[in-house]
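S.K.: Have a look at this one.
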Amino acid sequence: MKEIDAAMPLLQSILLTFLDTLTGHLILVSYLLAVTDEQAIWNKLKKLPLLLVSPVVATVMAFWLYRNQVFDVLRYFTGSFAILAMCTAWVMWAWRWDFWRAVSATCMAAILQVATAALAQMLYLLFPSGWRMDLVSMAASLLFSIAAAALLKRLRFGAWFRLLLEDRSSPRRTAAILFVLEVSMEAFLILQNGVQVQYLGAYYMLGIVLVLIIIGLIVYLAHWFDNSRTLQTQRDIIAQQQLYEQSLEEIRQEVRSFRHDYKNLLAGLSQQAQEGRLDVVCAALSDLDAGFDRRLGEKIQLSTQIGNLRIPPIRSLLLRKLTDMQGRGVEYRLEILYPVEDVSINVWDFVRCLGILVDNAIEAALGTEQPWVEIILLVQDGRLFLRVSNPYTHTIDPGRIWDNGWSTKGPGRGLGLSSYQRLVGNYPNASTCTNWEGGVFVQELTVEGRP
């Protein structure tokens, strides 16, 4: 009986630790739903059972570290880092995000969780301690986090945060900054042990204020990124207008030249017709029609094709690539027969995929005698089809083409295709196809409609 009585405090401590860790995970999930601006909340909550493994592992780890008399601060940060890693892995699976976006979202939710923890500590200052107070504090923290998450969602903080995550130029930097902020807030919370009791209330309030400042900083950075992207879009529109004006000027010059040639040709055809040589007349008219398509039709078609692409970031990229090809002496053919308004995956990820394929095509084409690149974008029944073709002269090893760093031009050059595969792998509705035959290398990307 005495052994049972002695074991009760240990079992109670284990249970309270597990409940505290479980509450922390639920709080983190509530903030994750807010910072990611998640609309299909129920779909994410259905994936919640797998996350319950994390509090079990965290509880076991906490008691193992305690039994081995690990230093308190080291034990705290070891447990926190393990929980952060497990939650990041769950976010990658539940949201189908890449590692860096998952880290950023998890760290942002953890920063907000620190404010909730500070509020819970303030409750301990107002009421006597005990296991009943621990349960009340857990329940109050969870309810507060749900209310705070609902307020953040109503204020559209998640929309601004996701906008910041769309900056694919520096995902590692964004994740690193948020990770440092999260570690700093954790350190701020654990340093409470060195604060005198009469100042603890103000100390916890300072922690909450710091979290609010971080929220304001995130919104400011998102505003700055949005303004920069808007400015870039305006520049792209100007570039597109300049391209149109250049094409129209070229068409005008071609029409003048064609009109001169047309008069000379008609003079010759008139003589041929009078002599009854209709076969010569028909052949000349056929050549005239082909010449018109070759000299004017392609320029008119290019303006029409660009106009069918109605997604500014993708249109901006293509305009830059077409200008680059024109400057490097690479012939190009662009075919966008129908309006393209949606890609059914993250538009910036699609921009990166398209950029990788076109850059590789340009580099490969420049190694041939007659460099050319063909780009086809086709939308049909909600499905997007992308095809990028180019000539090639190198020998291709099918077993190594997707290896990181492999290239026909030597080691350390082929970083694009491996990144391309990782990007596409994040989307179950996207598939790729690669083939090479008859001196032509073809990359295809198919994106099914949104589920």
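S.K.: Quick check: is even one residue across the stretch 145-155 of a type outside the set (S, T, N, Q), part of a loop (DSSP other than H, G, I, E, B) and more than 11 Å from Met108 (Cα to Cα)?
M.R.: yes
The rows are residues; the columns are (1) open to solvent by 60 Å² or more (accessible area, probe 1.4 Å); (2) more than 29 Å from the chain's Cα centre (by Cα); (3) at pLDDT 85 or above.
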{"position": "Asp293", "(1), (2), (3)": "yes, yes, no"}
{"position": "Pro313", "(1), (2), (3)": "no, no, no"}
{"position": "Ala364", "(1), (2), (3)": "no, no, yes"}
{"position": "Glu374", "(1), (2), (3)": "no, no, yes"}
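S.K.: Could you please give the count of residues in the stretch 82-119 that are touching a Phe, Trp or Tyr at 6+ places or on another chain (Cβ under 8 Å), open to solvent by 30 Å² or more (accessible area, probe 1.4 Å) and modelled with pLDDT of 85 or more?
M.R.: Residues flagged as touching a Phe, Trp or Tyr at 6+ places or on another chain (Cβ under 8 Å), open to solvent by 30 Å² or more (accessible area, probe 1.4 Å) and modelled with pLDDT of 85 or more within the stretch 82-119 amount to 2.
S.K.: Any chance you could count how many residues in the stretch 27-81 are among the charged types (D, E, K, R), surrounded by 12 or more Cβ atoms within 10 Å (Cβ to Cβ) and modelled with pLDDT of 80 or more?
M.R.: Here the count works out to 4.
S.K.: Tell me yes or no: at least one residue of the stretch 192-205 is of a type in the set (Val, Ile, Thr), more than 30 Å from Ser316 (Cα to Cα) and assigned to a helix (DSSP H, G or I).
M.R.: yes
S.K.: Determine whether the stretch 327-349 contains at least one residue that is open to solvent by 30 Å² or more (accessible area, probe 1.4 Å), free of Cβ contacts under 8 Å to residues at least 60 places away in the same chain and of a type in the set (Lys, Arg).
M.R.: Yes.
S.K.: State all residues of the stretch 34-56 that are among the small types (Gly, Ala, Ser) and free of Cβ contacts under 8 Å to residues at least 40 places away in the same chain; if no residue qualifies, say none.
M.R.: Across the stretch 34-56, the qualifying residues are Ala40, Ser54.
S.K.: Then there is this: List the residue pairs whose Cβ atoms are under 8 Å apart, where the first residue sits in the stretch 193-214 and is open to solvent by less than 90 Å² (accessible area, probe 1.4 Å), the second is hydroxyl-bearing (Ser, Thr, Tyr), and the two are 6 or more positions apart or on different chains.
M.R.: Note: pairs meeting the criteria are Val195/Tyr203.
S.K.: OK, next. Go through Ala176, Ala139 for me and flag whichever is modelled with pLDDT under 85, of a type in the set (Gly, Ala, Ser) and either assigned to a helix (DSSP H, G or I) or farther than 18 Å from Val211 by Cα (or both).
M.R.: Unique residue meeting the criteria: Ala139.
The values are calculated or read from the model by the stated rules, or taken from the named source; none is laboratory data. Worth saying up front: this structure is predicted, and the values here are computed from it rather than measured. All Cβ positions, even for glycine, are placed from backbone atoms using ideal geometry, and neighbour counts span all protein chains on display. These accessible areas exclude ligands, DNA and RNA; they are computed on the full protein's heavy atoms, side chains included. Shrake-Rupley method; radii C 1.70, N 1.55, O 1.52, S 1.80 Å.
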